[in-house]
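Got a structure for you, questions after.
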């Protein structure tokens, strides 16, 4: 067999991995790959307007489809622009492969033009990374990168690819298997440990299932649902777990934690058994650690041993894949009544429901509810930015299906939602994709409006425009004496800066401004009917807060309520 | 905080040492010593790390080490019996004949060895465990230590 270039090996290898879409931005040292793909229509290259947009799009694609997202950037500044997105994917365990061009091998370490040590920079924020120094290693490296990204606890993998390696030639043979001595994730749960959980359920009077993003990652929503229904145990999910259990089920407690429902937090704090599945006891979930679920036996099912007993001491750990372990448990469980417990939960649901002041004013929670009401029976994906918009979107929309919620949980990356929505729309062309945004975070990657318009991706951007960086302002209101340092966006009379309607129009998108409650549903319907991307600029109540709220460092049953 | 001796078996590749040491530095742990060498399998290297750490955080570091793709095995030797050695070279001032005789006597009374004899200095090699190394340093200190070079501890589980 003849020799082919590194660039050709690269493209062939990606095809062997089933890659259909790449999000990226060109530059000097990845021209050989671009040239190789120029006549190729098997893989679609989506040109974003910033590398950060590309990496978030790859991430959003991965979250919406379950496939590995792929992004590409040039060396130096192109590559460093990926860093926030790689860290975002790393914190949320999202499988992406990021490819960066690198300067010529012989120039590495020489402060060459557009040189940055990407394997060094991304070492703590990738699951693994590679610098390819020999074209003969390229196919094997790509095989390993995709394998590592999608297996075990998924995560981002970076491949740094010097330009000379793209041009050097080698024989191409794509490896069939991967053999990594130090990487053998455990999928099957230990049967003895599983039995211990079953026993604990039998003894328990007040059990709660606390499910995280691992449910989504391992495609275990169905298994979780049948586990909960078979055992009659209520379920709360983390922000990352939204959609992993149908929130319209009577067993659902909604989300727990800092902005979780009061009844979820009370249930967790009063539980005598917590079954954590694919979740990691994040500080936004546990609040003050020494008071978290202190009467409960903690069982924890996770594929990552380093998640177990990291923050909360676990009594019954099961290392394994959530789907596998749930399947095993479903064979062994029996239905129990837990009557008194369900009665108590019902009481909490009645006493401290998730509510907001639903008056004549244009409130953000109402808009989120209307998105759901006006798109009933449609395939909808909700992406969000970060801050109040994200929490309202998490609280006031009822998620029933996995991979319909796309949000930066762990890193909390502003500017994530819109490019992630682009990736989601590419992966799910039939879905209606909304980006629920604030007027602050939407501006962090607004340039991607050009991508959405040129690629004809009909994303519906919902700006909950309050003229503030709302979540920080809320903290300042509650804990800093209303001293709104740096959080006022429409200061010095500069309201409507920018004018989002005109901004949308300047990109060739549709812009709508909504100031009245009664116009909300109509605007959303118009936006959905519109073929291209739409910005809906909702001018909302300026100082609306997200409640309930657990102040940082407090016990999670110690909540602030807006209305009580 | 207490001292731990951790052995990490890794793939013999570039970049692995940085990944391993990065997990310690990211948590603000100072590595006391670190020794790397090939094992009986040329594709596998062994890193021996001595670190002063909080036990609970170290537990997490060990799990994180295991998570690294290039790490094959992590062993906390401090959890059981182990044999350790460190090679140390001590260059000590020895200008007068009298001093030189005294130093030779000290060295003879131990298992150390004089490996270089300069006009004004003697260089002594010691390659035993931590206690022997520390004792020798203290015996030689009064004569004026010019320079100490040490390899860092290596350790193996005792059977």
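Derivation of every value follows stated rules applied to the coordinates shown; laboratory data play no part. Here the structure is a predicted model, which means the values were calculated and not measured. Glycine gets a Cβ as well: all are built from the backbone with ideal geometry, and neighbour counts include every protein chain shown.
When only alpha-carbon atoms are used, what values of Rg and Dmax, in angstrom, describe the stretch B:2-80?
Rg, Dmax (Cα atoms, Å): 11.6, 33.
Compute the long axis of helix B:55-67 from its Cα atoms, compare it with the longest principal axis of the Cα atoms of chain B, and write down the angle in degrees, 0 to 90, nearest 10.
70
Can you give me the angle between helix B:16-25 and the longest principal axis of chain B, using Cα atoms only, in degrees from 0 to 90, rounded to the nearest 10?
90
Hey, another quick one. Separation between the residue B:145 and residue A:42 pseudo-spin-labels, each 7 Å from Cα along Cα→Cβ, expressed in nm?
Here the answer is 6.4 nm between the modelled labels.
With each label point set 7 Å from Cα along the Cα-Cβ vector, what nm distance links residue A:219 and residue B:57?
About 4.1 nm, to one decimal.
Per residue, how big is the convex hull around the C-alpha atoms of the stretch A:78-199? Give it to me in cubic angstrom, could you?
Working: hull volume 14.6 nm³, N = 122.
With only Cα atoms used, the stretch A:78-199 gives 119 Å³ per residue.
Another question, then. Compute the separation of the alpha-carbon centres of the stretch B:61-107 and the stretch B:1-24 and state it in Å as a whole number.
16
Right, another one. From the C-alpha gyration tensor of the stretch B:84-157, pull out the three semi-axes of the equivalent ellipsoid (sqrt of 5λ each), sorted largest to smallest, in whole Å.
Working: eigenvalues 101, 26, 18 Å².
In descending order, the three semi-axes are 23, 11, 10 Å.
Can I ask one more? Based only on other Cβ atoms within 10 Å, what is the fewest-to-most ordering of A:480, A:356, B:82? Please report the intermediate quantities before stating the final value.
Values: A:480 12, A:356 20, B:82 16.
Going from sparsest to densest Cβ surroundings: A:480, B:82, A:356.
Now for a separate question. Estimate the FRET efficiency between residue A:339 and residue A:482 by the formula 1/(1 + (r/R0)^6), using the beta-carbon distance for r and 45 Å for R0, to the nearest 0.05. Please report the intermediate quantities before stating the final value.
On the way: r = 47 Å, r/R0 = 1.04.
Efficiency, from the Cβ-Cβ distance: 0.45.
If neighbour count is taken as other Cβ atoms inside 10 Å, put A:434, A:113 in order from fewest to most. Each step should come with its number before you reach the end.
Details: A:434 30, A:113 11.
Exposure proxy ranking, most exposed first: A:113, A:434.
In nm, what is the difference between 0.36 nm times the number of residues separating residue A:558 and residue A:202 and their Cα-Cα distance? Each step should come with its number before you reach the end.
Values: separation 356, 0.36 × 356 = 128.16 nm, distance 2.98 nm.
Stretched fully, the residue A:558-residue A:202 segment lengthens by 125.2 nm.
Report the calculated FRET efficiency for residue A:289 and residue B:27 (r = Cβ-Cβ distance, R0 = 22 Å), to the nearest 0.05.
Efficiency at R0 = 22 Å is approximately 0.80.
Which whole number gives the average count of other chain Cβ atoms within 10 Å of the Cβ atoms across peptide B:12-21?
Working: counts 0, 0, 3, 6, 1, 0, 3, 5, 0, 0.
Across B:12-21, the average partner-chain Cβ count within 10 Å equals 2.
Please give the calculated 222 nm ellipticity per residue for the protein assembly as shown, where each DSSP H segment of at least 4 residues contributes -39500 (n - 2.57) and the sum is spread over every residue; nearest 500 deg cm²/dmol? Walk me through the numbers before you get to the answer.
Details: 26 runs with 244 residues, N = 723.
Roughly -9500 deg cm²/dmol at 222 nm, from the helical runs in the protein assembly as shown.
Put one equal scatterer on each alpha carbon of the stretch A:191-351, apply the Debye formula with no solvent term, and list log10 I(q)/I(0) at q = 0.10 1/Å to two decimals.
-0.29
Please compute, for peptide B:63-76, the average count of beta-carbon atoms on other protein chains lying within 10 Å of each residue's beta-carbon. Display every interim value, and only then the final one.
Details: counts 7, 3, 2, 4, 12, 5, 13, 5, 3, 4, 2, 1, 0, 0.
The per-residue average across the peptide is 4.
Also, I was wondering about something else. Over chain B, what relative contact order in percent results from Cα pairs under 8 Å that are six or more residues apart? Please list the in-between numbers first.
Numbers: 288 pairs, mean separation 44.9, N = 159.
Relative contact order of chain B: 28 percent.
Mind ordering A:528-534, A:385-391 by average Cβ neighbours within 10 Å, highest first? Don't jump to the answer; show the numbers that get you there.
Details: A:528-534: 16.6, A:385-391: 27.4.
Ranking, from highest mean packing down: A:385-391, A:528-534.
Quick check on packing: order A:68-75, A:158-165 by the mean number of other C-beta atoms within 10 Å, highest mean leading. Display every interim value, and only then the final one.
Numbers: A:68-75: 28.8, A:158-165: 24.9.
Descending mean neighbour count gives A:68-75, A:158-165.
Would you mind computing the Rg to Rh ratio of the stretch A:434-564 from its alpha-carbon coordinates, Kirkwood style for Rh? Before the final figure, lay out the partial values.
Values: Rg = 16.8 Å, Rh = 16.2 Å.
A ratio of 1.04.
Follow-up. In nm, what is the difference between 0.36 nm times the number of residues separating residue A:350 and residue A:401 and their Cα-Cα distance? Intermediate results must be reported in sequence, preceding the final value.
Working: separation 51, 0.36 × 51 = 18.36 nm, distance 2.53 nm.
Stretched out fully, the residue A:350 to residue A:401 stretch lengthens by 15.8 nm.
Once the mean 1/r over all distinct Cα pairs of chain B is inverted, what Kirkwood radius in angstroms do you read off?
On the way: mean 1/r = 0.0576 Å⁻¹.
After inverting the mean inverse Cα-Cα distance, the result is 17.4 Å.
Give me the Kirkwood hydrodynamic radius of the stretch A:3-171, using the inverse of the mean 1/r over all pairs of distinct Cα atoms, in Å to one decimal.
On the way: mean 1/r = 0.0655 Å⁻¹.
It works out to 15.3 Å.
Right, next: Need one number: the % of Cα-Cα pairs in the stretch A:423-490 sitting beyond the 15 Å mark. Intermediate values should be presented prior to the final figure.
Values: 1380 of 2278 pairs.
Distances greater than 15 Å cover 61 percent of the Cα pairs.
Given a Förster distance of 45 angstrom, what is the FRET efficiency for residue A:106 paired with residue A:375, based on the Cβ-Cβ distance and rounded to 0.05? Could you put the intermediate results ahead of the total?
Values: r = 56 Å, r/R0 = 1.24.
That gives a FRET efficiency of 0.20.
Using alpha-carbon pairs under 8 Å, 6+ residues apart, how would you state the relative contact order of chain A in percent?
Working: 1298 pairs, mean separation 80.5, N = 564.
The normalised contact order for chain A reaches 14 percent.
What distance in nm separates the two pseudo spin-label positions at residue B:81 and residue B:41, each 7 Å out from Cα along the beta-carbon direction?
2.7
Evaluated at 4 °C with a viscosity of 1.567 mPa s, what Stokes-Einstein diffusion coefficient in µm²/s does the protein assembly as shown have when Rh comes from the Kirkwood expression over alpha-carbon pairs?
On the way: Rh = 28.3 Å.
D, rounded to a whole number, is 46 µm²/s.
Using packing as a proxy for protection, rank A:516-525, A:266-275 so that the peptide with the highest average count of other Cβ atoms within 10 Å comes first. Please report the intermediate quantities before stating the final value.
Working: A:516-525: 16.6, A:266-275: 23.2.
In descending order of packing, they fall as A:266-275, A:516-525.
Another question, then. Once fully extended, how much extra length lies between residue A:525 and residue A:248, figured as 0.36 nm per residue of separation less the alpha-carbon to alpha-carbon distance? Don't skip to the answer; put the middle values down first.
On the way: separation 277, 0.36 × 277 = 99.72 nm, distance 2.35 nm.
So the extension gain works out to 97.4 nm.
Continuing with the same structure: Most exposed first by the Cβ proxy, i.e. fewest other Cβ within 10 Å, how do A:31, A:216 rank?
Details: A:31 16, A:216 26.
In order of increasing Cβ crowding within 10 Å: A:31, A:216.
On to the next question. Using Cα pairs under 8 angstrom and six or more residues apart, how large is the relative contact order of the stretch A:99-174, in percent? Don't skip to the end; give the middle numbers.
Numbers: 109 pairs, mean separation 32.3, N = 76.
Computed value for the stretch A:99-174: 42 percent relative contact order.
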